[in-house]
Amino acid sequence: MFLIIFSIIMVVLLFLGLGLKREIDHKRSSEYRKTYIYTFKLNKLQLLAPLGFLLLLFGIIGKVGAVEEGVLYDPLNNGIQSEVLGEGYHLKAPYAKLYRLSKDQQSLSYDYDEDGVGDAFSVQTANGEFALYAVEIKYRIANTSIAFREFKGMPTQEQLRQYIQYAIKSIATGYDRTDYEGLEGQVENGFTIYEILGNKFEISRGLSEDLLASKFEEFGLELISLNFIDIDAGSEIENAIELQGTSAKQKQININLRDAAEIAKETAEIEAQGLAAADIARAEGDKQSAILEAEAQQEAQILIASGEAEAIRLITEAKRELMEKLGFTPEQYKSYILVSNWDGVLPTTMLDENIDILFNTSSE
């Protein structure tokens with residue numbers, strides 16, 4: 001709107017300026033000094049006066065930078081426009097104002113110094129103790145139009161502080177969330193300072209992050225992370241927690257030593273059982289080996305006997321075939337064998353001619 005008014009003023013000034021004419025006032029002028037008078041007269045140059053509206057060009061072109069989105073506020077068109085403008089140049093009404101919001105990831109921290117002074121915030125826990133939280137958040141604009149309506153631009157550190165403190169306080173003191181199960185179901189009762197600084201630290205942080213993310217979503221923001229930089233609960237409570245941690249650590253060491261002894265005992269028993277099983281297996285193996293050896297010898301003897309029987313059978317068969325070829329009777333064949341095997345020595349005893357069998361009584 002300012003640019004429109006300024007352009008109108010410029011047009012008027014140009015119109016008046018181009019209509020002015022300077023002339024010498026001869027009545028008041030002297031030889032040593034000239035006096036001028038100004039008169040206004042319409043002329044053709046005054047047609048250039050509307051060029052003053054060229055200033056409006058600076059108002060009808062808007063630029064949205066890199067990694068930004070723009071939101072227009074048009075007082076003559078229902079105020080904040082729902083349409084978001086992307087990167088680049090855009091035409092707009094000269095009276096509409098362009099607001100730019102960064103889409104980059106933003107980082108904010110709330111910390112305190114050695115004296116406890118800073119922008120960190122104190123939160124009461126479930127057991128009534130207070131803790132000073134130093135935190136860091138990372139976020140970005142998710143819905144530019146909604147975020148602009150809420151914060152009239154980029155949210156400030158102070159504007160976001162109230163939502164962060166609300167989320168952490170709700171989880172610490174107790175927040176009714178029926179969608180949590182298991183350990184996370186304890187959120188309904190909150191967390192004591194000893195739990196927050198002890199074994200429930202990460203659970204309380206994660207639940208606070210979840211609650212803050214849902215809150216941010218209502219205002220067009222996307223929470224990337226919520227980190228607890230430090231939590232100061234005072235020296236007295238921190239010393240007590242340290243003693244509890246030491247006691248718990250020693251208890252765990254004792255449990256580990258007991259478990260180690262049990263494991264050593266079980267290992268010895270297993271080794272003894274293994275050795276006994278090995279002896280039994282060895283004895284069983286020797287027994288099986290003896291049985292197999294005896295069976296092998298028996299089979300060998302059977303094979304030898306079978307071989308001898310087969311040899312006798314073959315010899316007998318050969319003799320029978322030879323007897324058949326010679327055409328001898330068994331008695332004749334026997335005599336033939338005796339004659340064939342005679343060594344040429346006559347017996348010392350002579351028998352009757354009716355005796356067929358000769359007996360050699362020589363004692364040589």
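Values in this text are rule-based calculations from the coordinates and carry no lab data. The structure displayed is predicted, hence computed values, not measured ones. No Cβ is skipped: glycine too gets one built from the backbone with ideal geometry, and neighbour counts run over all protein chains shown.
Within 10 Å of each residue's Cβ, count the other Cβ atoms and sort Ser82, Ser170, Ser145, Ser30 from fewest upward. Before the final figure, lay out the partial values.
Numbers: Ser82 10, Ser170 20, Ser145 17, Ser30 7.
So the ranking, lowest neighbour count to highest, is Ser30, Ser82, Ser145, Ser170.
Please list, ordered by chain and number, the residues whose modelled amide H lies under 5 Å from the amide H of Ile80; skip anything fewer than 5 residues away on the same chain.
For Ile80, whose amide H was placed from the backbone, the distant partners under 5 Å are Asp74.
Would you please give the residues with an amide H less than 5 Å from that of Phe191, counting only those at least 5 places away or on a separate chain, with H modeled from the backbone geometry?
Ala126, Thr173, Gly174
How would you rank 266-274, 159-167, highest first, on the average number of other Cβ atoms within 10 Å across their residues?
On the way: 266-274: 9.9, 159-167: 18.1.
Top to bottom by mean Cβ count within 10 Å: 159-167, 266-274.
Rank the residues Ser335, Ser208 as a footprinting-exposure proxy: fewest other Cβ atoms within 10 Å of their Cβ go first. Don't jump to the answer; show the numbers that get you there.
Values: Ser335 15, Ser208 25.
Arranged by neighbour count, lowest to highest, Ser335, Ser208 become Ser335, Ser208.
What is the extension gain from Ala277 to Ala290, computed as 0.36 nm multiplied by their sequence separation minus the C-alpha to C-alpha distance, in nm to one decimal?
On the way: separation 13, 0.36 × 13 = 4.68 nm, distance 2.00 nm.
Full extension of this stretch gives 2.7 nm more.
For Met154, what residues show an amide H to amide H distance below 5 Å, using hydrogens built from the backbone and excluding near sequence neighbours?
Under 5 Å from the amide H of Met154 lies no amide H from a residue far enough along the sequence or on another chain.
Using 0.36 nm times the number of residues separating Ser306 and Lys200, minus their current alpha carbon distance, what extension gain do you get? Intermediate values should be presented prior to the final figure.
Numbers: separation 106, 0.36 × 106 = 38.16 nm, distance 8.85 nm.
Residue separation times 0.36 nm, minus the Cα-Cα distance, leaves 29.3 nm.
Neighbouring Cβ atoms within 10 Å as the yardstick, rank Ile304, Ile193, Ile146 fewest first.
On the way: Ile304 10, Ile193 24, Ile146 17.
With the sparsest Cβ surroundings first, the list reads Ile304, Ile146, Ile193.
Report the calculated FRET efficiency for Asn127 and Glu158 (r = Cβ-Cβ distance, R0 = 22 Å), to the nearest 0.05. Walk me through the numbers before you get to the answer.
Values: r = 30 Å, r/R0 = 1.35.
Computed FRET efficiency for Asn127 and Glu158 comes out at 0.15.
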